[in-house]
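Below: one structure, written as structure tokens.
The values are calculated or read from the model by the stated rules, or taken from the named source; none is laboratory data. Remember, it's a predicted structure, so these values are computed and weren't measured experimentally. Note that we place each Cβ from the backbone using ideal geometry, even for glycine, and neighbour counts take in every protein chain shown.
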Amino acid sequence: MRKYSRASKSRSDGVPGESGEGGDRRIFPLSFSVTAAGGLYILLLLPLSLAAIRTGNNLLVIVLAAMLAAVPVSGLVSLASLKRLSLSLEMPENVFAGERVALKVAVKNRKRVLASFSLRVEERGTPGAPPLLRRLRAALPRHRKRDGAAGTPDGLMDRPAYFPVVGPGESRTALVLRSFPRRGRYTLHGFRVSTRFPFGLFERARLARAEGEVFVYPSPRSISPFFHLLPFLPGALESARPGPGENLRSIRRYREGESARIIDWKATAKTLRLMAREYAREEESRFCLILDTRAHAPRTAAGGEAFEKAVSMAAGIASHFIEEGTAIAFLSPAAYLAPGGDARHLDRILRELAVIAQDEAPAAETVGPWEPGAFRDAAPLPELEGIFSDKHYKIILTPRPRGTFPAAVWRSAHVIFFDQL
């Protein structure tokens, strides 16, 4: 079962800071628009008014009065439906790009007597604009990022949630299916709750400020069986240095003062000298996943696609080996995460991969040999020296061309070039 966490919570009583302190206290809602049915209704009122005035027919006057009375009644009833509502949005804890997830939109009616009818909850768009104008403005590139309307790249809700009725004191929940096309940080810009109740002639809406964000992780790419052959084994690795361990390294002369437990009596009997067993030191496995984001050529569509594949590959490698219980560190030119092997550490790595971006290539650059100094802004120098020593085994994903890695790197690393993906 998927776990959910609350992304944001808000009330529809107003937008603090936009209409004075304490929120909007005006009688009328923040936005008002006429629906298509309302437009036809108003057009019908015009000839009916002329006919009632010119003929003086009592029946026409009564019908006209009833139709005119429906306008303020519609406004008051819809206004009452939008009063004292609490809104919240819950997201799954882990969301991956391309995965279809369900967002939980909850509405609580805090009124004691009156119910709320025909509520439509969507992500906040352009305040006060009619629905048609909001859609036209959202289609313009220069308004997309600023407005944060539903369906924009950085929004959470791409479609509204509908609640037919919410009784007094009740809470209702609706599911909105959403598929995030790409990784990144998706921001909630607030809620817009509207209603066309009771006659569907006019739409009234209120804005509710809410802040929240969700990190959409890159979709982990399945790794090839070759990675199972790499020395990614949890536990200890045999060192070339002598020390405490279980694997026999050599038989040597016994030194005075050493423990009698290491004496090899068979070798002593053969050589007629005290001989001792020397074991290989066991050291804890240390592994590091390195994602090189420095571009070495002008950015192209193919290069951007290769970078996204590399990010997905990094997510797949981290997920696979942490699931097998191997502690692993993560390093990029912008971030460093110390070794860890639990689910929280995997979340931290995936969060870094969700927002990581490829650096722009300089106008004129000569691709030199691989230098660990490019990562000095991400990790302290002692950490870098340990990572790039032979004690750490490294998987390096890089856009660098072949032939730029010295032989010393290959002794303790596996390099994946972007053009291989």
Quiz prompt | Among the residues listed as Ser179, Ser171, the single one being within 30 Å of Phe215 (Cβ to Cβ) and modelled with pLDDT of 90 or more | solution = Ser171
Quiz item: Looking only at residues in region 192-234 that are at pLDDT below 85, of a type outside the set (A, V, I, L, M, F, W, C) and assigned to a strand (DSSP E or B), which one is surrounded by the fewest Cβ atoms within 10 Å (Cβ to Cβ)?
Solution: Glu213
Quiz item: Could you count how many residues in region 340-377 are modelled with pLDDT of 75 or more, over 18 Å from Phe215 (Cα atoms) and part of a helix (DSSP H, G or I)?
Solution: 1
Practice problem: State whether the residues of region 276-285 include one that is under 29 Å from Arg376 (Cβ atoms), assigned to a strand (DSSP E or B) and either outside the structural domain of Ala315 (by TED's automatic domain parsing) or modelled with pLDDT under 85 (or both). | Solution: yes
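Ser312: at pLDDT 90 or above and of a type in the set (Gly, Ala, Ser), yes or no?
Yes; evaluated as a whole, the condition is true for this residue.
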Quiz item: Would it be correct to say that Pro298 is over 24 Å from Ala334 (Cβ atoms) and at pLDDT below 85?
Solution: no
Exercise. Could you look through region 249-275, keep only residues that are surrounded by 14 or more Cβ atoms within 10 Å (Cβ to Cβ) and assigned to a strand (DSSP E or B), and pick out the one that is modelled with the lowest pLDDT?
Key: Arg249
Self-check item: Candidates Arg25, Arg11 - the one that is at pLDDT 60 or above, charged (D, E, K, R) and either closer than 30 Å to Val95 by Cβ or assigned by TED's automatic domain parsing to the domain that holds Tyr186 (or both)
Solution: Arg11
